[in-house]
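As structure tokens, the structure follows; a few thoughts come after it.
The values are calculated or read from the model by the stated rules, or taken from the named source; none is laboratory data. Note that the structure is predicted; figures quoted are calculated from it, not measured. Every residue, glycine among them, receives a Cβ derived from its backbone with ideal geometry; neighbour counts consider all protein chains shown.
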Amino acid sequence: MHYTLCDMIADITQNGIEAGAAKVCVELTETEKTLTVYVRDNGKGMSPETLKKVQDPFYTDGVKHPNRKVGLGIPFLIQTISETGGSWNISSELGKGTTVYMQFDLTNIDTPPVGDVPGLFRQVLLLQNTVPGYEMEISRKKETPSETLDYSILRSELVDALGDLENGKSLALLGDFLNSQETAD
Amino acid sequence: MAKMSLEELRKLRSNVKSDLTRRDTDGKSIQIIVGMGTCGIAAGAKETLDAFIKILDEKKLADNAIIRQTGCMGMCANEPTVEVIVPDMPKVIYGNVKADVVQTIVNDHIIGKKLLDNLILDRPSIDITK
């Protein structure tokens with residue numbers, strides 16, 4: 001099956017964009033034992049009642065799919081973390097935004113694999129957002145005995161360097177660029 | 001691979017662009033739209049997306065292609081789904097497009113201009129597609 005931690009992070013990041021955020025921040029910090037992720041958005045936020053509802057399957061705001069029940073991203077996340085000794089928290093304020101915090105225990109045998117981190121970054125950078133001045137900031141840190149990484153990326157800088165991100169060639173080059181960032185200095 | 005800087009990325013992009021502007025390819029681009037809702041991702045749509053980018057680049061078609069993600073197209077049982085829009089061909093939604101099928105789509109549909117009948121999905125779900 002294809003469900004990696006990166007897939008879950010992509011799912012949650014999509015929520016941030018759908019909340020109409022002008023800025024979405026994705027922060028990954030990895031050690032040998034843990035992967036800690038923050039996904040922050042300054043979109044429309046949730047009331048305490050909504051925040052409670054989104055933790056259950058099939059809750060969605062009805063905008064994306066008016067006649068269908070989806071809404072599984074957060075429940076899957078909570079289930080996975082609960083079963084693998086991780087921790088999570090979602091804080092949100094109506095009109096201000098939402099922060100989703102996840103920490104995965106990489107030593108737990110049931111934790112899904114981390115997955116393709118540069119691929120995740122490319123995937124979320126490609127997500128469309130019509131909010132004017134939209135920006136995405138990605139921050140990646142890794143600290144293990146064999147490897148140290150610390151870099152950040154701004155979507156606006158990539159658009160500046162590549163032009164249209166949906167162009168096939170831009171995406172191919174973006175893939176190369178992102179893969180190269182995973183090289184230690 | 002050495003760490004690429006933004007400046008190097010910019011240079012690489014403009015090198016390829018200048019080759020293409022000489023050719024008049026306005027309105028003749030290939031469009032690939034990959035369904036990437038939760039169902040799509042669980043079925044491997046991200047690998048499908050990566051495969052399209054890689055194979056189109058290998059065939060030197062990438063600069064002429066637009067690649068997008070969309071949400072769930074409503075055919076969750078047949079994910080990954082991909083809409084393929086190629087000049088002079090009907091618009092088609094293919095289902096069950098695992099990463100290994102992408103090569104066939106590029107060779108036969110995009111380059112060979114031949115429909116892959118056994119992969120076409122019948123009708124998109126009209127309540128969520130226009």
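General remarks:
- Evaluating B:Ile93 against the criteria (1) farther than 27 Å from A:Thr4 by Cα; (2) touching a residue at least 24 places away in the same chain (Cβ under 8 Å); (3) more than 13 Å from chain A (Cβ to nearest Cβ) leaves one unmet condition, (1).
- Just one of (1) more than 9 Å from every other protein chain (Cβ to nearest Cβ); (2) at pLDDT 90 or above; (3) in contact with a Gly (Cβ under 9 Å, 6 or more places away or on another chain) fails for B:Met75. It is (2).
- Residue pairs whose Cβ atoms lie under 6 Å apart, sitting 6 or more positions apart in sequence or on different chains, and linking a residue in the stretch A:32-54 that is touching a residue at least 60 places away in the same chain (Cβ under 8 Å) to a partner that is surrounded by fewer than 13 Cβ atoms within 10 Å (Cβ to Cβ), are A:Glu32/A:Thr144; A:Lys33/A:Thr107.
- Pick from the stretch A:1-41, criterion among the hydrophobic types (A, V, I, L, M, F, W, C) and farther than 17 Å from A:Glu137 by Cβ, ranking: farthest from the other protein chains (Cβ to nearest Cβ): A:Leu35
- Exactly one residue among A:Ser152, A:Ser139, A:Ser146 is over 27 Å from A:Lys53 (Cα atoms) and at pLDDT below 95, and that residue is A:Ser146.
- In this entry, B:Lys54 is excluded by the filter for residues that are among the basic types (Lys, Arg) and either crowded, with 21+ Cβ neighbours inside 10 Å or more than 25 Å from A:Phe177 (Cβ to Cβ) (or both).
- Residue in the stretch A:163-170 that is within 12 Å of chain B (Cβ to nearest Cβ), farther than 21 Å from A:Glu18 by Cβ, modelled with pLDDT under 95 and surrounded by fewer than 17 Cβ atoms within 10 Å (Cβ to Cβ) present: yes
- Reported count of residues in the stretch A:122-147, each being free of Cβ contacts under 8 Å to residues at least 60 places away in the same chain and more than 9 Å from chain B (Cβ to nearest Cβ), is 4.
- Residue match in the stretch A:69-85 (condition: in contact (Cβ under 8 Å) with a residue 12 or more places away in the chain, more than 14 Å from chain B (Cβ to nearest Cβ), farther than 26 Å from B:Cys39 by Cβ and surrounded by fewer than 17 Cβ atoms within 10 Å (Cβ to Cβ)): yes
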